[in-house]
Amino acid sequence: TAEQFDTGVLAGKTVYITAGPTREPLDPVRYISNHSSGKMGYALAEAAVDAGARVRLISGPVNLPAPARMERVLVETAEDMLEASLEGIDGCDIFIAAAAVADYRPTAVAEHKIKKGAEEIMELHLVKNPDIVATVAGRPDKPFTVGFAAETRDLVDYARGKLERKNLDLVVANDVSAPGIGFNSNENAVTLVSRDSELSLPQTSKRQLASQLIRHIAERYTQTR
Ligand code: CTP
Ligand code: CA
């Protein structure tokens with residue numbers, strides 16, 4: 001497309017993008033997960049390829065076809081997603097964490113289907129998953145690292161907290177309580193939060209938003225190198 005020729009802002013760069021939910025098994029037939037569709041991450045991957053990047057899309061289980069022109073690694077659990085994210089990370093210039101990673105997983109996976117007991121209340125024991133984007137951003141030679149923050153209140157405050165705590169370069173803050181945007185929708189509206197700035201991008205299609213985000217990310221990446 002024409003876009004590939006006039007906006008090769010990421011030509012020669014390697015971009016890793018995590019997308020979709022993770023799925024944490026409880027027994028052979030059950031798991032813990034969330035409603036992430038993967039649409040935002042997949043749209044970002046397309047936009048990054050359009051900008052000339054070599055893209056590795058690390059995707060949890062989604063109902064989206066494998067996109068052309070990039071490498072897609074399919075994973076299930078957060079631990080698998082971390083492993084796929086660290087593979088070849090030294091060659092990664094920009095890391096974008098769009099996945100909705102399950103914060104906790106069952107402490108143990110039952111070998112057989114868990115049977116219904118006599119008790120009315122069942123307790124699940126969960127253990128914290130590794131933080132993928134924080135692990136990447138904690139590396140000595142870290143890539144330019146972009147996280148998402150899905151919030152239902154105090155959007156910018158929480159996003160800034162994540163930026164600092166996880167040592168990120170940029171946070172894409174997303175109000176998931178607003179109707180018509182976020183998780184399963186085709187549209188989104190975000191606020192870009194960095195150490196010294198805030199920028200709101202108004203509601204539009206995830207496709208449109210993805211190409212705007214890639215332009216901003218490329219610009220800031222270039223400024224920091
Ligand atoms: N993330 C990650 N690995 C995790 C959890 C989150 O890489 N185990 C990434 C997400 O992909 C996102 C960012 O961290 O880019 C923020 O995710 P979010 O769920 O909003 O933040 P948490 O730190 O998990 O905090 P909380 O869910 O309590 O708001
Ligand atoms: Ca979380």
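The values are calculated or read from the model by the stated rules, or taken from the named source; none is laboratory data. As the structure is a prediction and not an experimental result, all values here were calculated from the model. Neighbour counts run over all protein chains shown; Cβ positions are idealised from the backbone, glycine included. Please note that ligands, DNA and RNA were not included when accessible areas were found on the heavy atoms of the full protein model with its side chains. Shrake-Rupley method; radii C 1.70, N 1.55, O 1.52, S 1.80 Å.
Only one residue in 142, 116 is part of a loop (DSSP other than H, G, I, E, B) and more than 16 Å from ligand 1 (Cβ to nearest atom), so which one is that?
From the options 142, 116, the qualifying one is 116.
Hey, among the residues in segment 82-108 that are free of Cβ contacts under 8 Å to residues at least 60 places away in the same chain and in a helix (DSSP H, G or I), which one's nearest to ligand 2 (Cβ to nearest atom)?
Applying the filter and picking the extreme gives 82.
Quick one: in segment 131-149, of everything that is open to solvent by 20 Å² or more (accessible area, probe 1.4 Å) and away from ligand 2 (no atom under 16 Å from the Cβ), which residue is nearest to residue 162 (Cα to Cα)?
Per the stated criteria, the residue is 138.
Given the options 174, 167, name the one that is in a loop (DSSP other than H, G, I, E, B), within 27 Å of residue 80 (Cβ to Cβ) and touching a Gly at 6+ places or on another chain (Cβ under 8 Å). Give the steps one after another, and end with the answer.
Working: 174 fails: in a loop (DSSP other than H, G, I, E, B).
Being in a loop (DSSP other than H, G, I, E, B), within 27 Å of residue 80 (Cβ to Cβ) and touching a Gly at 6+ places or on another chain (Cβ under 8 Å) holds for just one of 174, 167, which is 167.
Given the residues 111, 79, which is the only one that is more than 16 Å from ligand 2 (Cβ to nearest atom), over 30 Å from residue 198 (Cβ atoms) and not in a strand (DSSP E or B)? Walk me through it before giving the result.
Details: 79 fails: more than 16 Å from ligand 2 (Cβ to nearest atom).
The conditions single out 111.
Could you list, in sequence order, all residues of segment 46-56 that are under 15 Å from residue 143 (Cα atoms) and surrounded by fewer than 20 Cβ atoms within 10 Å (Cβ to Cβ)?
Passing the criteria: only 54.
Has segment 57-76 got any residue that is out of contact with any His (no Cβ under 7 Å at 6 or more places or on another chain), under 15 Å from residue 14 (Cβ atoms) and crowded, with 23+ Cβ neighbours inside 10 Å? Steps first, answer last, please.
Start the filter on segment 57-76 by keeping residues that are out of contact with any His (no Cβ under 7 Å at 6 or more places or on another chain), which leaves 57-76.
Filter once more, keeping what is under 15 Å from residue 14 (Cβ atoms): 57-58, 69-73.
Keeping just the survivors that are crowded, with 23+ Cβ neighbours inside 10 Å gives 57-58.
Checking segment 57-76: at least one residue is out of contact with any His (no Cβ under 7 Å at 6 or more places or on another chain), under 15 Å from residue 14 (Cβ atoms) and crowded, with 23+ Cβ neighbours inside 10 Å.
I want to confirm something. Restricting to segment 163-193 and keeping residues that are polar (S, T, N, Q) and surrounded by fewer than 17 Cβ atoms within 10 Å (Cβ to Cβ), which single residue is nearest to ligand 2 (Cβ to nearest atom)?
Applying the filter and picking the extreme gives 177.
So which of 1, 14 ends up being at pLDDT below 95 and of a type outside the set (D, E, K, R)? Outline the logic, then answer.
Values: 14 fails: at pLDDT below 95.
Selected residue: 1, the only one of 1, 14 that is at pLDDT below 95 and of a type outside the set (D, E, K, R).
Does residue 128 satisfy being touching a residue at least 12 places away in the same chain (Cβ under 8 Å), open to solvent by less than 40 Å² (accessible area, probe 1.4 Å) and touching an Asp or Glu at 6+ places or on another chain (Cβ under 7 Å)? Please lay out each step first, then the result.
Numbers: touching a residue at least 12 places away in the same chain (Cβ under 8 Å): yes; open to solvent by less than 40 Å² (accessible area, probe 1.4 Å): no; touching an Asp or Glu at 6+ places or on another chain (Cβ under 7 Å): yes.
Criteria not met by residue 128.
Taking the stated definitions as given, is residue 105 more than 25 Å from residue 46 (Cα to Cα) and surrounded by 14 or more Cβ atoms within 10 Å (Cβ to Cβ)? Steps first, please.
Values: more than 25 Å from residue 46 (Cα to Cα): yes; surrounded by 14 or more Cβ atoms within 10 Å (Cβ to Cβ): yes.
For residue 105, the condition - more than 25 Å from residue 46 (Cα to Cα) and surrounded by 14 or more Cβ atoms within 10 Å (Cβ to Cβ) - is met.
Being of a type in the set (A, V, I, L, M, F, W, C), in contact (Cβ under 8 Å) with a residue 12 or more places away in the chain, farther than 24 Å from residue 151 by Cα and away from ligand 2 (no atom under 15 Å from the Cβ): is that true of residue 49 here?
Yes; evaluated as a whole, the condition is true for this residue.
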